[in-house]
Structure formats: structure tokens, C-alpha cells
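The values are calculated or read from the model by the stated rules, or taken from the named source; none is laboratory data. Quantities reported herein were computed from a predicted structural model and do not represent experimental measurements. Using ideal geometry, Cβ is built from the backbone for each residue, glycine included, and neighbour counts are taken over all protein chains shown. Calculation scope for accessible area: heavy atoms of the full protein, side chains included, ligands and nucleic acids excluded. Shrake-Rupley method; radii C 1.70, N 1.55, O 1.52, S 1.80 Å.
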Amino acid sequence: MKKQLFLAIAILLSCNLLAQENYKTITKEDSLKTYRGTTTYPVKEYRESPKSKKPKNIILMIGDGMGTAQIFAGLTANHGNLFLNNFKHVGFSETQSANHYITDSAAGGTALSSGYRTYNGAIGVDTDTIAQPTILEIAENEGKATGLVSTSAITHATPASFIAHQPSRNMYEAIAGDFLKTDIDVFIGGGYKHFTDRKDGKDLTANLKKKGYVVLQDMNEIEKVKSGKLAGLTAFEHNPVASKRDNMLPRSTKTALNILSQNKEGFFIMIEGSQIDWGGHQNNTNYVAEEMLDFDRSIGKALDFAVNNGETLIVVTADHETGGMAITNGDMETGKVEGSFIEGDHSGVMVPVFAFGPGADQFSGIMKNEEIGKKLISLIKDKETKKHVASVDLSK
Ligand code: MG
Ligand code: ZN
């Protein structure tokens, strides 16, 4: 009897954990191994004309699991052109973590957010589980506005690495709690449940409101917000796939940039195309291509802003590649893409880094992921003082 009870509890616990990861099931359907989408979008040409040497604003865009094959799937799907083609400064990132040749998104995100390589699963902490200041916190300390946008839950590993400090990525409720320890101005993503349906019984949306946030779940309402503090929780857990979320990512990108740009001191934002990774885990070419196009259209929104502004650096990269994807066939005229994958998990290859705007020339050549984090942090800081980093209060 005791044994059965234990087993039942173990199953319940594992289901709860796995529920977060059910995007990892490999698809068996042949129809999903080929992308046959017919809708394409026009890509504008943007010319870099920086008004300054150092960026006042930084837009970091992370395509989770986005290697060159994923990008080329998108490029073929859109008949040979992407917004990404406007980026003239290109480099590569070595994605390895402190304890594994193959990184996960938590260690990958933390390297980019803090400039430290850490162990797989770590959120904003180093190999000794000591909290390290993230670029978002450092930017806040510099008087800049800050934001996070994601198509997954906003508490999921990638966005979490920029705002939370927890020993494990699975501590979703603690990660949600960490949002309240910062003064982040705008965040839009899924994860409503980690703020409201919690083991401690707290409703963190009430705390957010007390801090002055408008808390919204409907994208049409979120889009109407033009100033102030915004918490947009667009899904109970993760947002649905691109075809079912009505341009949530490009619309959120535009909304967030509009709000953040009102701060005279500038801003930092991280925008994640989370589900390129999930298409890779599922070995689903169709999923990869659709998410890639959605992410690229969000890059277009960032370019619209940056070109107009002239003091904004955009860096587009990935935390790792997913699936060991290869493009086995395609057609630039029709947009058809055939992909193949060697596994259902992350791979160890370098991922590309694209940069546009003031400071972009620093992101060429082969870099370790943590170097990219360090470069971004040094660019967001006004003065080169170590004091600034040390004064970020992580004990709050
Ligand atoms: Mg992610
Ligand atoms: Zn993954």
C-alpha cells in the first residue's frame, strides 16, 4: 500500500515536471518533415547609419535552437530573403556550458545574460550557485528601461536567465517571484500560471499591480498600452505555435519597443523566438520553418525601430542548435523545404551571431557565448566601472 502510494506520488510529480517539456516528443508524421507553406512576406532593405559609436539601446534577440539550417529553412521558405539578410556583421558563437559540451537553454541563456559560463540548468547563477548580475539588472542600474518578450512562458529558461537567480530552471514559481525583485518595465509572454496558480497560494499579479504594473492577458489589450509598466501574460503556460498565436511575437516586439523607447536613458530588451527549438526537438521541419519566419518578422520590427532611432544595437543569435538539422532539399521558387535531423536534442555546433547598429563590429569572428554576454554588458554600461556591476543589489 505504502509502495503504491509512493509510486502514485512519483508519477504525479514526474507528470508535473514533464508537462513543461511535452514539446520534446519527436514527430512521426512524414507530412511535417517538409514545409510547403505558401505565404511569404516582403522584406525591406535597411541601411545602417549609426548616430553614435556606443549604443544607447540594446535589443538582444535569441532564436532558441536556431542554427544555420534553421535559418536557411526560413530563408528558403520566404523564397530567398529574410529580414536577417540586412545584418552585415556576422560571427559565430561556441555554445558549450561550464559542465557539458552540449548546453541547455538555462546555461546558454545565463552565458549571454551574465557573461559567465555555468552548469546546465542554472538560472542567473554561476557554477557555485552564486547569483551573477545580468545585463537586464545592470541596464536597470544604469537608469535604462528594461524588457523581456518570449513565445514560451516568460518564466522558462531563456527569459528567466535574464531576470532570475535560481539554482534550477524547474523552479518556475521562484523564478516568477524574482520578477518582482526587479523594476523591469515590460514583459510579455506566457506563464500566467506561475504567477497565479502557486503552491504558496500567492497571486503575484496582485503584487505586480501594487508595484504599478498593468497586468493583461489579451494581446489586443496589450497592444494598446503606450506607456507605464506592463506585465503581459498571454498564455496560462506556453503560447501556442506560430500559426495559432496571431503574430504575438512581432506585435509584442513593436509594443515593447514603443514603451521602452520613451525612457531618455535608453533601454535593454531580450526578445526570444522560443519555439524554433521545439520544432528541432520534434524533428518537425514545418514547425521550425514557421517559427523561424515568425521570429524573422519580429526582427523586422526591431529593424524598423533601430533604423529610425540610430542609437540602437540589435544582436540576433541562438543559445544552441537543436536537432542537428540538415536541409536535404528545397526550392527557392516555391518555398518548399525538406529537413532532416540526427537527434531530438541540442547539438554542439557553433551558432551564428548577427549584429546591426552602433557596436555591431564587435560581434564578428568566433566567440564563446560568454564573451558575447561580456561584450553586451560592457556596451550597455555608460562608464567602464566595476562598481556599477557590484552595486546591483541581488539580495532584494
Ligand atoms: Mg528558450
Ligand atoms: Zn531545447
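Any idea what the relative contact order of the range 215-306 is, in percent, if you count C-alpha pairs under 8 Å spaced at least 6 apart?
Details: 89 pairs, mean separation 26.2, N = 92.
Averaging sequence separation for qualifying contacts and normalising by length gives 28 percent for the range 215-306.
Is any helix in the chain, taking whole DSSP H runs, at least 24 angstrom long along its axis by alpha carbon and on average at least 0.5 on the Kyte-Doolittle scale, and which ones? Show your work: numbers first, answer last.
Values: long enough: 2-19 (25 Å, 1.49); 285-309 (36 Å, -0.25).
For the chain, where a helix must reach 24 Å along its axis and average at least 0.5, the hits are 2-19.
Loop-only trypsin sites (Lys or Arg not before Pro) in the range 50-154, please: DSSP not H, G, I, E or B, and at most 10 other Cβ atoms within 10 Å.
Values: sites: 51, 53, 56, 88, 117, 144; in loops: 51, 53, 56, 88, 117, 144.
The qualifying sites are 53.
Students often check this: by mean Cβ neighbours within 10 Å, which of 312-321, 354-363, 236-245 ranks highest, and how do the rest follow?
Working: 312-321: 27.1, 354-363: 22.2, 236-245: 17.8.
Top of the packing list down: 312-321, 354-363, 236-245.
Keeping every protein chain present and rolling a 1.4 Å probe, give me the accessible area per residue for the chain in Å². Spell out each step's value before the answer.
Values: 16310 Å² over 396 residues.
I get 41 Å² per residue for the chain.
Among all the aspartates and glutamates, which ones have a C-alpha under 14 Å from residue 199's C-alpha, if same-chain residues fewer than 8 places away are not counted?
173
Take 277, 304, 185 and sort them by solvent-accessible surface of the protein heavy atoms, 1.4 Å probe, largest at the top.
Details: 277 5, 304 60, 185 40 Å².
Largest accessible area first, the list is 304, 185, 277.
Of all the accessible heavy-atom surface of the chain, with the other protein chains kept in place and a 1.4 Å probe, what percent is carbon and sulfur? Can you show the working numbers first?
Details: 8660 of 16310 Å².
Carbon plus sulfur share of accessible area: 53 percent.
With n ≥ 4 as the cut-off for DSSP H runs, can you work out [θ] at 222 nm for the chain, using -39500 (n - 2.57) per run divided by the number of residues, rounded to the nearest 500?
-10000 deg cm²/dmol
Using alpha carbons only, how many angstrom separate the centre of the range 291-334 from the centre of the range 150-207?
One Cα centre to the other: 26 Å.
Which links in 53/209; 54/254; 193/381; 193/336; 51/193 stretch past 31 Å when you go from one Cα to the other?
53/209; 193/381; 193/336; 51/193, as the Cα separations exceed 31 Å there.
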